[in-house]
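Remarks on the structure that follows.
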Amino acid sequence: MTGTILQISEIFHSIQGESSFAGWPCTFIRLAGCSHGCRYCDTTYAKTAERRLSIGDTIDEARRYHAHLIEVTGGEPLEQPAVHKLLHALCDGGGGVMLETGGFLSVRDVDPRVHKVIDLKPPSSGRDKENCMENIDIALNAGEGERKRYEFKIVAADREDYLWARGILKDTRLAEACTVMMGPIAGTIHPSELAGWILEDRLHVRMQLQLHRYIWPGMDRGV
Ligand SMILES: C[S@@+](CC[C@H](N)C(=O)[O-])C[C@H]1O[C@@H](n2cnc3c(N)ncnc32)[C@H](O)[C@@H]1O
Ligand SMILES: Nc1nc2[nH]cc(C(=O)O)c2c(=O)[nH]1
Ligand code: SF4
Ligand SMILES: [Mg+2]
């Protein structure tokens with residue numbers, strides 16, 4: 001198992017900048033490769049691997065930072081089949097384990113101990129037709145205790161994205177069951193504009209800004 005090879009973009013220690021865990025020290029394992037190409041992606045450098053590491057070496061390196069929280073992100077982490085063994089082994093080691101996924105692939109086989117952050121890609125991504133809507137059903141049908149480990153996220157560039165998000169939330173009533181985070185895509189709408197729409201519509205979502213962009217402005221990698 002530990003011999004299974006992962007394509008790695010970077011492993012770093014930072015402040016969790018997104019999700020309901022924003023603000024906590026966190027070690028990030030960024031797996032390389034993504035076949036989606038969202039128009040606004042801020043991590044295109046992760047398309048290609050910097051290193052190939054066994055699961056065991058990946059965990060050893062991540063654990064060196066002694067963070068209470070580890071997030072596996074990408075690229076698109078679910079595109080590497082070995083991610084499931086990685087997540088399982090991380091959970092066995094204790095501490096909080098998070099997965100950040102673009103939500104194109106089902107999270108059905110993800111270790112149930114993992115806190116799953118699932119993006120719903122809006123029209124401005126150019127990939128909105130590829131959302132795996134099964135993930136919403138999986139979360140809604142999860143038992144009471146398990147449901148808290150499903151979190152959804154929608155980033156928006158404009159009013160069209162926002163209305164799309166509002167429509168999905170109304171149709172599925174997802175926000176009544178799970179945490180839904182909403183934030184602006186960097187360099188597009190001002191946070192106050194998005195906040196205004198959320199408040200006007202009494203939307204039951206949590207607003208987020210990418211904290212790391214404020215802590216380390218202009219830094220694209222390793223934060
Ligand atoms: C780079 S992706 C990697 C993980 C996975 N592929 C995904 O899309 O969730 C991590 C998060 O960054 C967000 N993101 C990417 N580009 C962004 C941008 N320009 N502004 C705000 N958030 C962005 C994505 O929506 C996603 O939630
Ligand atoms: N600080 C920090 N927090 C993050 N949360 C999710 C991230 C990601 O790229 O998936 C991310 C990231 O790249 N940096
Ligand atoms: S799925 Fe994630 S990593 Fe892939 S292009 Fe979209 S935002 Fe970037
Ligand atoms: Mg990021």
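The values are calculated or read from the model by the stated rules, or taken from the named source; none is laboratory data. Everything quoted here is computed from the prediction, not taken from an experiment. Because the Cβ atoms are built from the backbone with ideal geometry, glycine has one as well, and the counts that use them run over all protein chains shown. Protein only, heavy atoms only, side chains kept; ligands, DNA and RNA dropped before computing areas. Shrake-Rupley method; radii C 1.70, N 1.55, O 1.52, S 1.80 Å.
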With the structure loaded, tell me whether LYS116 is within 16 Å of ligand 3 (Cβ to nearest atom), within 23 Å of VAL205 (Cα to Cα) and either among the basic types (Lys, Arg) or open to solvent by 30 Å² or more (accessible area, probe 1.4 Å) (or both) or whether it fails that test.
yes
Name the one entry in THR2, THR58 that is more than 10 Å from ligand 2 (Cβ to nearest atom) and modelled with pLDDT under 95.
THR2
Assess whether PRO81 counts as being assigned to a loop (DSSP other than H, G, I, E, B), without any contact (Cβ under 8 Å) to a residue 12 or more places away in the chain and surrounded by fewer than 21 Cβ atoms within 10 Å (Cβ to Cβ).
yes
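Do the conditions hold for PHE28, that is, is it open to solvent by 10 Å² or more (accessible area, probe 1.4 Å), touching a residue at least 24 places away in the same chain (Cβ under 8 Å), more than 15 Å from ligand 4 (Cβ to nearest atom) and in contact with an Asp or Glu (Cβ under 6 Å, 6 or more places away or on another chain)?
For PHE28, the condition - open to solvent by 10 Å² or more (accessible area, probe 1.4 Å), touching a residue at least 24 places away in the same chain (Cβ under 8 Å), more than 15 Å from ligand 4 (Cβ to nearest atom) and in contact with an Asp or Glu (Cβ under 6 Å, 6 or more places away or on another chain) - is not met.
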Would you please list the contacts, defined by Cβ atoms under 8 Å and residues six or more apart or on different chains, that run from a residue in region 208-223 that is touching a residue at least 12 places away in the same chain (Cβ under 8 Å) and part of a loop (DSSP other than H, G, I, E, B) to a residue that is small (Gly, Ala, Ser) and more than 9 Å from ligand 2 (Cβ to nearest atom)?
GLN208/GLY183; LEU209/GLY183; GLN210/GLY183; GLN210/ALA186
Looking at (1) without any contact (Cβ under 8 Å) to a residue 24 or more places away in the chain; (2) surrounded by 15 or more Cβ atoms within 10 Å (Cβ to Cβ); (3) under 19 Å from GLY222 (Cβ atoms), which is the one condition that is false for CYS91?
(3)
All conditions in (1) open to solvent by 40 Å² or more (accessible area, probe 1.4 Å); (2) within 21 Å of ASP119 (Cβ to Cβ); (3) assigned to a loop (DSSP other than H, G, I, E, B) are true of HIS66 except (2)
How many residues of region 7-25 are within 14 Å of ligand 4 (Cβ to nearest atom) and of a type in the set (Phe, Trp, Tyr)? The answer is 2
Can you find even one residue in region 207-218 that is open to solvent by less than 30 Å² (accessible area, probe 1.4 Å), within 16 Å of ligand 4 (Cβ to nearest atom) and within 18 Å of the chain's Cα centre (by Cα)?
yes
Just one of (1) open to solvent by 30 Å² or more (accessible area, probe 1.4 Å); (2) touching a Leu at 6+ places or on another chain (Cβ under 6 Å); (3) more than 16 Å from ligand 2 (Cβ to nearest atom) trips up LEU105, so point out which.
(3)
Among the residues of region 119-171, write down those that are over 18 Å from LEU78 (Cβ atoms), assigned to a helix (DSSP H, G or I) and hydrophobic (A, V, I, L, M, F, W, C).
LEU140, LEU163, TRP164, ALA165, ILE168, LEU169
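Yes/no matrix, rows are residues, columns are (1) open to solvent by 20 Å² or more (accessible area, probe 1.4 Å); (2) more than 22 Å from SER35 (Cβ to Cβ); (3) aromatic (Phe, Trp, Tyr); (4) in contact with an Asp or Glu (Cβ under 6 Å, 6 or more places away or on another chain):
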{"residue": "PRO123", "(1), (2), (3), (4)": "yes, no, no, yes"}
{"residue": "ASP137", "(1), (2), (3), (4)": "yes, yes, no, no"}
{"residue": "GLU144", "(1), (2), (3), (4)": "yes, yes, no, no"}
{"residue": "TYR150", "(1), (2), (3), (4)": "no, yes, yes, no"}
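Please note which strands (runs of 3 or more DSSP E) are completely contained in region 1-61 and include at least 3 residues that are under 15 Å from the mean Cα position of the chain (by Cα).
25-31
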Inspect region 194-205 for any residue being open to solvent by less than 70 Å² (accessible area, probe 1.4 Å) and closer than 30 Å to PRO81 by Cα and give the result as yes or no.
no
